[in-house]
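**Q** Could you have a look at this structure, given as C-alpha cells, before my questions?
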Amino acid sequence: MLGAMQDWSMRITHVIDHAAREAGGREIVSRWADGSETRTNWAGIRRDALKMAQALLALGVEKGERVASLAMNHSRHLVSWYGVAGMGGVLHTVNPRLFDDQLEYIVNHAEDKVLCYDAAFQPIVDRMKDRWTTVEHYICYDSGEYSQSFEDWIGEQDGDFEWVMGSETDPCMICYTSGTTGNPKGVQYEHRSTLLHAMAGLQPSSFNFNPGNVMLPVVPMFHAASWGLPYAGAMAGIKFVFSAVNDPAVLHELMLREGVTDSAGVPTVWLAHFQYCDQEGIDLPPLKTATIGGSACPRFMIERLMRNGTRVQHAWGMTETSPIGTVGGPSSDWDRLSFDEKVDKTAMQGRPIFGAELRTVDLDDMQTLLPRDGKTPGALQIRGPWVIKRYFKAQVDAITEDGWFDTGDVGIIHPDGTLQLTDRTKDVIKSGGEWISSVELENAAVGHPAIAEAAAVGIYHPKWDERPVLFVVKKEGEDISAEDVNAFLADKVAKWWLPDAVEFIDEIPHTATGKISKKDLRDRYADYKLGNGAPAVLPMTWHG
Ligand code: AMP
C-alpha cells in the first residue's frame, strides 16, 4: 500500500527556490581578485541561475552533460552551482592547483563541454586549451577581455524558465579526488545525495546554521563541494561573504566589516591568520564558530580559537563522502568537562552526523570488526546515502561486498561514537608490530613555537621494520635542534613513538589540495637511511 504524502523529488532546485522565497533579501557579498566588491542576494542568485540554465541550453548543453568551473569563491560561482543543476547538467568544479597533466586528464575524462573560469586563471586556460579536447565554449566570470564575460552571456537571457526536472538520483555535480597515485578519480554527486547531505549539515551537531549566521567559507568551492555549505547555507537562508583571494589581511577585514559569525576551512588557513594577527598585534576575529577539517586540526589551534571565544567544530570527511562524515559538536558531557578536556575532545574528529555510519576493521585482515573501545586503531569504513558507490566511469563498485566504503584512513572509535583519526592506511608507521600514528607525531610537533610544519614518515629499519623520521620546517628566524624537538615531544607521545631522526628541511611537499604529500616526501628521500640502522637521536632500548 502506498503512503499518503505528496511527491516531492529531492532535486536541489528546491533549495534555491526556498532560499529565494524565504530569504530572498539575505545578502551574498563577493570580494573579487581585483579588490572590487559586489553584492547580490538569494533572489538574485536564483534569477541569474535561471538565466544561466537558459544560456547553457542555448549553447547546446544537454541534460546529464558536464559544465566545468575553474574558479575561486564568489557569487557567480554560486550561480553556477544552481544554474548548471537547474538545466539538468553536472557541474565539474576543477581545482586550479592541479598539475597540468591532471587538469588535462580530468577535463577530458569528464568530457566538459563548457568551462567558466576566473580571469586569474587565464594562463591555465591558455596553456591547456589545446589539450582540452571536449570544451567547446569558454566563459570568463569576471572579464570580457579574453572570452565572453559571464554577465554578458547570461544577460542575453530573460530568465523566464522552468527548471529541468528529472529523477532524484540524476547527477548534479562531479568532483575529482587528487589521489597521490594514479589518475584522479571522479566522484559524482546526485541531487538526492546532495540534498540529504546539506540537510544533515544543518543539524545543531553539524554546522548549526540559523538565518542570523554570516558565513565566510574559506574552503574553496572547487574542493569537495565546499563541504556542502553553499547548499546548507541556502536552506537556512544565511548571509554569505565570499573572497576570491585567501590573503589573511583581506579575510580579516571582511570578517570584521561584514559581521562574519562562521568560517570553514583547512587548518593552514588559521595558521596564516594567526601569523597575520601576531604580526599586526591585533586580536583574532570574534567568530562564533570555526569549522576546521580536511586535515587534522592541531591542539594549539583549537586552544587559541577557544580562548578567543570561538567554538571549534573539527570535521572529518572526504570527497567520496560528499564530504561530511563527522563533526565535533559539543558532546553530551560537554558542560562537565574542564577547558583542557574540551580541547582534547575537540582535537578528535567528532561524531557521525545522522546518515553517516562508521565502523573500523582490523588493519591486517581488513575484515574483523573492531570494538568501539577508544583505543584500538583500525581501517575506517563508512556507509550512507551520500557516500560513494562507484567512481565516475569505473567498471566496478568502490565498496566492500557488504556495502561499506573503505576510506583509507585509520581511526579509533570511542564508546560515545567520537572518531579519533590517527593516520592514512598508507602512512601509518609499523614499528616492531605496533602502530605509530604519523599524524599524532606531526600534530604534537607543530605545537612547538619554532616549528612551522612537520611530517612523519616510516623509514625502513632492520630490527623494527619501520621507525619514524620527522621532517621539520622551522619558522623563519627560529633555530632548534633535533634534541629540542625530541625533548618537546617526550611528554606528548609514547616514548617508543619518538622519531629516530629529526631532519630539518626547507619545504614539505603538498598535494593540490594543500595536504602534506607523504608520497612525494618518500620519493624525495627514497635513499634515506637511518645511520647504521641505529637511532639518530635517542637509544631504542626502551622499545622492547
Ligand atoms: P579530500 O577527499 O581531498 O577531502 O581528502 C580526504 C582526506 O583528508 C581524508 O580521507 C583524511 O585522510 C583527510 N582528512 C579530512 N578531514 C580530516 C581531519 N579532520 N583530520 C584528519 N584528516 C582529515
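The values are calculated or read from the model by the stated rules, or taken from the named source; none is laboratory data. Remember, it's a predicted structure, so these values are computed and weren't measured experimentally. In this analysis, Cβ positions are derived from the backbone assuming ideal geometry, glycine residues included, and neighbour counts consider all displayed protein chains.
**Q** Only one residue in G186, G212, G233, G228 is in contact with a Lys or Arg (Cβ under 8 Å, 6 or more places away or on another chain) and either more than 15 Å from the ligand (Cβ to nearest atom) or of a type outside the set (D, E, K, R) (or both), so which one is that?
**A** That would be G186, the only listed residue that is in contact with a Lys or Arg (Cβ under 8 Å, 6 or more places away or on another chain) and either more than 15 Å from the ligand (Cβ to nearest atom) or of a type outside the set (D, E, K, R) (or both).
**Q** Would you check if N246 is within 29 Å of A120 (Cβ to Cβ), touching a strand residue (DSSP E or B) at 6+ places or on another chain (Cβ under 9 Å), modelled with pLDDT under 95 and not aromatic (F, W, Y)? Even if it seems obvious, please write down each step before you answer.
**A** Details: within 29 Å of A120 (Cβ to Cβ): yes; touching a strand residue (DSSP E or B) at 6+ places or on another chain (Cβ under 9 Å): yes; modelled with pLDDT under 95: yes; not aromatic (F, W, Y): yes.
Spelling it out, N246 is indeed within 29 Å of A120 (Cβ to Cβ), touching a strand residue (DSSP E or B) at 6+ places or on another chain (Cβ under 9 Å), modelled with pLDDT under 95 and not aromatic (F, W, Y).
**Q** Follow-up. Search region 278-297 for residues being crowded, with 17+ Cβ neighbours inside 10 Å and at pLDDT 95 or above, and hand back the single one that is nearest to the ligand (Cβ to nearest atom). Steps first, please.
**A** Narrowing region 278-297 to residues crowded, with 17+ Cβ neighbours inside 10 Å: 284-285, 287, 289-297.
Retained after the next criterion (residues that are at pLDDT 95 or above): 284-285, 287, 289-292.
Working: L284: 20, P285: 22, L287: 18, T289: 15, A290: 13, T291: 10, I292: 7 Å.
Going through the qualifying residues, I end up with I292.
**Q** Name the residues in region 278-301 that are of a type in the set (D, E, K, R) and not in a loop (DSSP other than H, G, I, E, B), would you?
**A** Hits for region 278-301 are D278, E280, R299.
**Q** For region 318-368, name all the residues that are of a type outside the set (V, I, T), in contact with a Lys or Arg (Cβ under 7 Å, 6 or more places away or on another chain) and more than 21 Å from F209 (Cα to Cα).
**A** Of everything in region 318-368, those that are of a type outside the set (V, I, T), in contact with a Lys or Arg (Cβ under 7 Å, 6 or more places away or on another chain) and more than 21 Å from F209 (Cα to Cα) turn out to be L337, A347, E357.
**Q** Name the residues in region 393-435 that are touching a Lys or Arg at 6+ places or on another chain (Cβ under 7 Å), in a loop (DSSP other than H, G, I, E, B), under 19 Å from P298 (Cβ atoms) and more than 11 Å from the ligand (Cβ to nearest atom), would you?
**A** Hit for region 393-435 is T418, nothing else.
**Q** Within region 317-349, count every residue that is among the small types (G, A, S) and outside any loop (DSSP other than H, G, I, E, B). Quick ask: steps written out before the conclusion?
**A** Looking only at region 317-349, we keep the residues that are among the small types (G, A, S), and these are 317, 322, 325, 328-329, 331-332, 338, 347.
Filter once more, so that each one left must be outside any loop (DSSP other than H, G, I, E, B): 317, 325, 347.
Qualifying residue count for the region: 3.
**Q** Just to be sure I understand the filter: pairs with C-beta atoms under 7 Å, separated by 6 or more residues or on different chains, first member in region 288-300 and over 25 Å from N213 (Cβ atoms), second member within 12 Å of the ligand (Cβ to nearest atom). Which pairs pass?
**A** Here the result reads A296/L421; A296/V439; A296/N443; P298/P267; P298/N443; R299/A347; R299/N443, each pair linking region 288-300 to a residue that is within 12 Å of the ligand (Cβ to nearest atom).
**Q** Still on this structure, please answer the following. So which residues in region 473-510 are among the β-branched types (V, I, T), in contact with a strand residue (DSSP E or B) (Cβ under 6 Å, 6 or more places away or on another chain) and under 18 Å from I436 (Cα atoms)?
**A** V485, V502
**Q** Being under 20 Å from the mean Cα position of the chain (by Cα) and crowded, with 19+ Cβ neighbours inside 10 Å, is that true of even one residue in region 330-345?
**A** Within region 330-345, not a single residue is under 20 Å from the mean Cα position of the chain (by Cα) and crowded, with 19+ Cβ neighbours inside 10 Å.
**Q** Restricting to region 215-225, name every residue that is of a type in the set (V, I, T) and within 14 Å of the ligand (Cβ to nearest atom).
**A** Scanning region 215-225 gives a single hit, V219.
**Q** Let me ask something else about it. Please indicate, with yes or no, whether at least one residue in region 373-388 is away from the ligand (no atom under 12 Å from the Cβ) and without any contact (Cβ under 8 Å) to a residue 12 or more places away in the chain.
**A** For region 373-388, residues away from the ligand (no atom under 12 Å from the Cβ) and without any contact (Cβ under 8 Å) to a residue 12 or more places away in the chain: absent.
**Q** Okay, moving on. Got a sec? Which of R390, R304 is at pLDDT 95 or above, in a loop (DSSP other than H, G, I, E, B), on the phi < 0 side of the Ramachandran plot and not hydrophobic (A, V, I, L, M, F, W, C)? Please lay out each step first, then the result.
**A** Numbers: R304 fails: in a loop (DSSP other than H, G, I, E, B).
Answer to the check: R390.
**Q** What is the residue count in region 312-342 for residues that are away from the ligand (no atom under 13 Å from the Cβ) and closer than 19 Å to G417 by Cβ?
**A** So the count comes out to 11.
Residue-wise test of (1) at pLDDT 95 or above; (2) not in a loop (DSSP other than H, G, I, E, B).
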| residue | (1), (2) |
| --- | --- |
| S9 | no, no |
| A19 | yes, yes |
| G25 | yes, no |
| A43 | yes, yes |
| K51 | yes, yes |
| Q54 | yes, yes |
| R76 | yes, yes |
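**Q** Got a sec? Which of V61, V107, V67 is among the hydrophobic types (A, V, I, L, M, F, W, C), over 27 Å from R31 (Cα atoms) and in contact with a Lys or Arg (Cβ under 7 Å, 6 or more places away or on another chain)?
**A** None of the other options fit; the residue is V61.
**Q** From (1) in the same structural domain as G83 (by TED's automatic domain parsing); (2) over 18 Å from A19 (Cα atoms); (3) more than 16 Å from the ligand (Cβ to nearest atom); (4) at pLDDT 95 or above, pick out the condition that doesn't hold for H252.
**A** The number of the failed condition is (1).
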